[in-house]
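What follows is a single structure, written as structure tokens, with notes after it.
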Amino acid sequence: MSQWPSAKARRVLAALLRIGWQVKRQTGSHRVLVRAGWADYVFAFHDEEEIGPRMLARIAKHTGLTPGDL
């Protein structure tokens, strides 16, 4: 069982912005996020899309997101 709950993409993006990520540019639903000390990350989800635990764990690996941030 994963420690990650499912969450809407809008909630995940808001959490990323709270921990210091910024939107560098956007084309449709593809947002390129930037944060000092990290490689750019492409967040390619529609706001109403549900993101499952496995994908959240993957996002966390690249962005430093934790379950407590949600």
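The values are calculated or read from the model by the stated rules, or taken from the named source; none is laboratory data. The structure displayed is predicted, hence computed values, not measured ones. Heads up, the Cβs are rebuilt from the backbone with ideal geometry, glycines too, and the neighbour counts pull from every protein chain shown. Only protein heavy atoms, including side chains, enter the accessible area calculation; ligands, DNA and RNA are left aside. Shrake-Rupley method; radii C 1.70, N 1.55, O 1.52, S 1.80 Å.
Computed values, structure above
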item: Residue tally, condition of a type in the set (D, E, K, R) and not in a helix (DSSP H, G or I), over the range 2-24; result: 2
item: Residue ID - farthest from Arg10 (Cα to Cα), chosen from residues in the range 25-56 that are open to solvent by 40 Å² or more (accessible area, probe 1.4 Å) and part of a helix (DSSP H, G or I); result: Arg54
item: Residues satisfying the stated conditions in the range 1-24, i.e. open to solvent by less than 70 Å² (accessible area, probe 1.4 Å), within 13 Å of the chain's Cα centre (by Cα) and not hydrophobic (A, V, I, L, M, F, W, C); result: Ser6, Gly20
item: Residues being among the basic types (Lys, Arg) and under 18 Å from Arg18 (Cα atoms) - total across the range 34-56; result: 1
item: Single match in Val32, Val12, Val42 (criterion: in contact with a helix residue (DSSP H, G or I) (Cβ under 9 Å, 6 or more places away or on another chain) and either at pLDDT 95 or above or over 12 Å from Ala60 (Cβ atoms) (or both)); result: Val12
